[in-house]
Amino acid sequence: MRVGVLALQGAFIEHEKILKNLGCETIQVRKKEHLKNIDGLIIPGGESTTIAKLMNEFNLTDPIKHLAEQGMPIFGTCAGLIVIAKEIVNSNQPRLGLMNISVRRNAYGRQVDSFETDLQIKGLGQEPFRAVFIRAPYIESVDEGVEVLATVDEKIVFAREKNFMVTAFHPELTDDNRVHKSFVDLCNKFHNSVDNPQ
Ligand code: GLN
């Protein structure tokens, strides 16, 4: 299993650590050659405008979209969630625009820049997940086909659609690897599927 982590800006090292602990090989993606033979891609937290701009500059946007259409799993955390969304409220910033969600950036306001909370996540068992939010977005609305996996005060913070999954929080900043494990499971399915072009 080989999982790429987009490494243009933001918190990519922490994702690599968790993936390695789960037994995956990882590769830092900065050029389109790095997308070869990967079974999935993580787009980390950071600054969504910067990440999307650099993706364009490094000619990564179209190759990533192409792999996404072939079913390659993509997991976006925080800024990564924003980059994957089709709609960003009050913004026309560049994006991949893959997932049928509408997101609001910096949605919790200045007073609560960062916070932690225990989340109940669908499909991950009874044990709550300690979720770290940093200048986080939330998902304001979802279209058909999107499964909501967790909410905080009725705001959607974890969702999945086909081969895409997104969290508004940072699961790479805790020792709990269950969210990454569920992504690696998706990558495994893709690895073994006939659609895998690699
Ligand atoms: N506020 C950032 C943005 O809008 C996201 C913050 C994060 O990734 N921790 O891009």
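Which one is nearest to Val148 (Cα to Cα) among residues in segment 101-129 that are part of a loop (DSSP other than H, G, I, E, B), within 12 Å of the ligand (Cβ to nearest atom) and charged (D, E, K, R)? Of everything passing the filter in segment 101-129, Arg105 is nearest to Val148 (Cα to Cα). Val132 passes every criterion in (1) under 20 Å from Ala11 (Cα atoms); (2) open to solvent by 30 Å² or more (accessible area, probe 1.4 Å); (3) part of a strand (DSSP E or B); (4) modelled with pLDDT of 95 or more apart from (2).
Counting only helices (runs of 4 or more DSSP H) wholly contained in segment 33-100, the ones carrying 2 or more residues that are within 11 Å of the ligand (Cβ to nearest atom) and open to solvent by 10 Å² or more (accessible area, probe 1.4 Å) occupy 48-57. For the structure I just gave you, tell me whether Thr26 is of a type in the set (Ser, Thr, Tyr), in a strand (DSSP E or B) and in contact (Cβ under 8 Å) with a residue 12 or more places away in the chain. Yes, satisfied. Taking segment 87-105 as the range and being of a type in the set (D, E, K, R) and touching a residue at least 24 places away in the same chain (Cβ under 8 Å) as the test, the residues that pass are Arg95, Arg104, Arg105. Every condition in (1) in contact with a strand residue (DSSP E or B) (Cβ under 6 Å, 6 or more places away or on another chain); (2) at pLDDT 95 or above holds for Ser114 except the one numbered (2).
The values are calculated or read from the model by the stated rules, or taken from the named source; none is laboratory data. Just so it is clear, the model here is predicted, and its values are computed rather than measured. Virtual Cβ from ideal backbone geometry, glycine too; neighbours counted across all protein chains shown. The area values use the complete protein model at the heavy-atom level, side chains included, leaving out ligands, DNA and RNA. Shrake-Rupley method; radii C 1.70, N 1.55, O 1.52, S 1.80 Å.
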